[in-house]
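Asks: I have a structure here, written as structure tokens, and I will follow up with some questions on it.
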Amino acid sequence: MIYLDNSATTQPSKVCVDTMTELLTCAWGNPSSVHALGIDAEKRLKAARAQVAQALGAEPERVFFTSGGTEADNWAISGAAERLGKRGRHIVTTAVEHHAVLHPMQRLEARGFEVTYLQPDEAGFVSAERLAEALRPDTILVSVMMVNNETGAVMPIPEMIRATRRKSPLALFHTDAVQAAGHLPIDVKAQNIDLLSLSAHKFHGPKGTGVLYARQGIFLTNLIEGGAQERGKRAGTENIPGICGMAAALKEACDHMDENMPRVAAMRDRLIEGLSKIPHSALNGDPVNRLPGNVSFCFEGIEGESLLLLLDMKGVCASSGSACTSGSLDPSHVLLAIGRVHDVAHGSLRLSLSEYNTDEEIDHILKVVPEVVQYLRNMSPVWRDLQTGKRQYIL
């Protein structure tokens, strides 16, 4: 089986599994307890918090553990709106955010907030200049993802933050770094980030564990009441195995980033070059300025679900876009935003790599994907109409 769906989730690393196994079998105490087992658990929790903070360039006390990136996004956005709603009612985000950002924005609109959705260019990027044009004196929050989960577009976060500080100095800047953490360098202090979300299972950590970073001076609203955990902001006994597994996985990913990411990017570039040779196909996003492991294509004349099913039969795990919307019959909102028409957006394929992939696997992908695309086109009435001139090619 060749696994190329790492943007959806990653295989837990050995260091993550070993760490969690030890915690589950030997250090399973409640960190709020005062006996030896509880004190040991509390020490491990503190060490994990420091480890995550170091990877982000943050202070440990500004790291809040969550159940994942979705919870962290919701907490950041809803909390900022609640805290700053008396100063202004305007929020800026992009049209290509994950639904963990878009849905809270829609909820805030229903409560009377005004949300500006910035449109990307054809490569999937939103420029700092476009953001600056949208900012207003009453803007209280900007939320822009660091890396798009479908096109792999790396957003100009430092430039966007500088634009926000100039034009809307009272606004907070939140970035969803779920696809970036462990794959691209992050330094929240150097980048002047106010709020940042990440999820462990995107960098070989466990599912169900994430982080919200909040800069010093930002007072988060209480997310869950009922206990003193996470400095009283998120009650509930901490998931010590998950937290420690996440910290270990993040440290390993950051320690080996300089060697892993160039190799992953080289495999990505081979895939882009090879798949670009398929007639009437198009790369989604920029060929260079993208996440090292992201490859996203549209193939005219086929349906993405059939493509995925046939690839799965050939031992290839892939996706057509965000795993969180894979059950939807609608085409990707991200692909529509960058200008793909519905028929073309339906024929999308996302291959997302990790350092666990090999050159031999890339060779296999470059062999089977063109075969499957041609097989589907041969039985497609749409493709027949395109070839006979009844329809005009788009790609």
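Coordinate-derived values only; no laboratory data. Not measured: the values here are computed from a predicted model. Here the Cβ positions follow ideal geometry from the backbone for every residue, glycine too, while neighbour counts run over all protein chains shown.
Asks: Roughly speaking, what % of Cα-Cα pairs in the range 133-192 are separated by over 13 Å, rounded to a whole number?
Replies: For the range 133-192, the fraction of Cα-Cα distances above 13 Å is 61 percent.
Asks: Here's something else I'd like to know. Note down the magnitude of the dipole of the range 176-275 about its Cα centre, charges +1 on Lys and Arg C-beta and -1 on Asp and Glu C-beta and zero elsewhere, to the nearest 20 debye.
Replies: 180
Asks: Still on this structure, please answer the following. What's the Kirkwood radius of the range 1-60 in Å, using all Cα pairs?
Replies: The answer is 13.6 Å.
Asks: Using the basic label-point model (7 angstrom from Cα toward the beta carbon), what is the residue 187 to residue 50 distance in nanometres?
Replies: About 2.2 nm separates the two model spin labels.
Asks: Suppose we look only past 23 Å in the calculated P(r) of the range 169-318. What percent of the Cα-Cα pairs does that tail hold?
Replies: When every Cα pair of the range 169-318 is considered, 55 percent fall beyond 23 Å.
Asks: May I pose another question? Work through the residues other than residue 69 whose Cβ is under 14 Å from its Cβ and net out their charges, Lys, Arg +1 and Asp, Glu -1.
Replies: Cβ neighbours under 14 Å give a net charge of -2.
Asks: Which shape class, rounded, prolate or oblate, goes with the range 1-106 when its Cα gyration tensor gives a ≥ b ≥ c as root eigenvalues, a/c under 1.5 marks rounded, and past that a/b bigger than b/c marks prolate?
Replies: Taking the square roots of the gyration eigenvalues as a ≥ b ≥ c, the range 1-106 is oblate.
Asks: How far, in degrees from 0 to 90, does helix 240-255 lean away from the longest principal axis of the Cα atoms of the chain, to the nearest 10?
Replies: 60
Asks: Go ahead and collect, in residue order, the members of the range 160-180 whose backbone nitrogen is under 20 Å from a label point 7 Å along the Cα-Cβ direction of residue 87.
Replies: 160-176
Asks: Using the Cβ atoms and a cut-off under 12 Å, what net charge is assigned to the surroundings of residue 121, where Lys and Arg are +1 and Asp and Glu are -1?
Replies: -2
Asks: What is the dipole size for the chain, taken about its Cα centre, with +1 at each Lys and Arg Cβ and -1 at each Asp and Glu Cβ, in debye to the nearest 20?
Replies: Its charge dipole is roughly 980 debye.
Asks: Answer with one residue from 85, 253, 184: the one whose Cα lies farthest towards the positive end of the charge dipole of the chain, charges on Cβ with Lys, Arg +1 and Asp, Glu -1.
Replies: 85
Asks: Kindly write out, for the range 226-237 in residue order, the coupling ³J(HN,Hα) from the Karplus curve 6.51 cos²θ - 1.76 cosθ + 1.60 (θ = phi - 60°), rounded to whole Hz, with x marking Gly and Pro.
Replies: Couplings: x, x, 9, 5, 6, 6, x, 8, 9, 5, x, 4 Hz.
Asks: Please compare each pair in 43/202; 14/251; 14/202; 277/367; 14/207 to a cut-off of 19 Å on the Cα-Cα distance and tell me which ones are over it.
Replies: 43/202
Asks: In straight Cα distance, which aspartates and glutamates are under 15 Å from residue 167, not counting same-chain residues fewer than 8 positions off?
Replies: Hits, sequence-local ones excluded: 129, 133, 138, 159.
Asks: Label the range 76-203 by shape, choosing from rounded, prolate and oblate, from the square roots a ≥ b ≥ c of the eigenvalues of the Cα gyration tensor; if a/c is under 1.5 it is rounded, and otherwise prolate applies when a/b is larger than b/c, oblate when it is not.
Replies: Cα axes put the range 76-203 in the rounded bin.
Asks: Note the full-extension length gain between residue 39 and residue 1 as 0.36 nm times their separation in residues minus their Cα-Cα distance, in nm to one decimal.
Replies: Contour length minus Cα-Cα distance gives 9.4 nm.
Asks: So what's the net charge close to residue 190: Lys and Arg +1, Asp and Glu -1, counting the other residues with Cβ under 13 Å from its Cβ?
Replies: The answer is +2.
Asks: Can I ask one more? Would you please state which residues of the range 356-387 a label at residue 270 would reach in this model, taking the label point 7 Å out along Cα→Cβ and a backbone N cut-off of under 18 Å?
Replies: 356-371
Asks: Any idea what % of Cα-Cα pairs in the range 133-238 are farther than 20 Å?
Replies: Tail of the P(r) past 20 Å holds 47 percent of the pairs.
Asks: Taking θ = phi - 60°, what integer Hz values does the Karplus form 6.51 cos²θ - 1.76 cosθ + 1.60 yield along the range 159-168, in sequence order, with x for Gly and Pro?
Replies: 5, 5, 5, 5, 5, 5, 4, 6, 9, 9
Asks: Just from the alpha-carbon atoms, what are the Rg and Dmax of the range 44-133 in angstroms?
Replies: 15.9, 46
Asks: Follow-up. For the chain, what proportion of DSSP beta bridges, expressed in % and rounded to the nearest 5, is antiparallel?
Replies: So the antiparallel bridges amount to about 55 percent of the total.
Asks: Over all directions, how big on average is the projection of the convex hull of the alpha-carbon atoms in the range 252-372, in square nanometres?
Replies: Answer in nm², one decimal: 7.7.
Asks: Something else about it: How are the alpha carbon pair distances in the chain distributed across 10 Å bins from zero to the largest one, expressed in percent?
Replies: Going from the shortest bin to the longest, the percentages are 5, 23, 30, 24, 14, 4, 1, 0.
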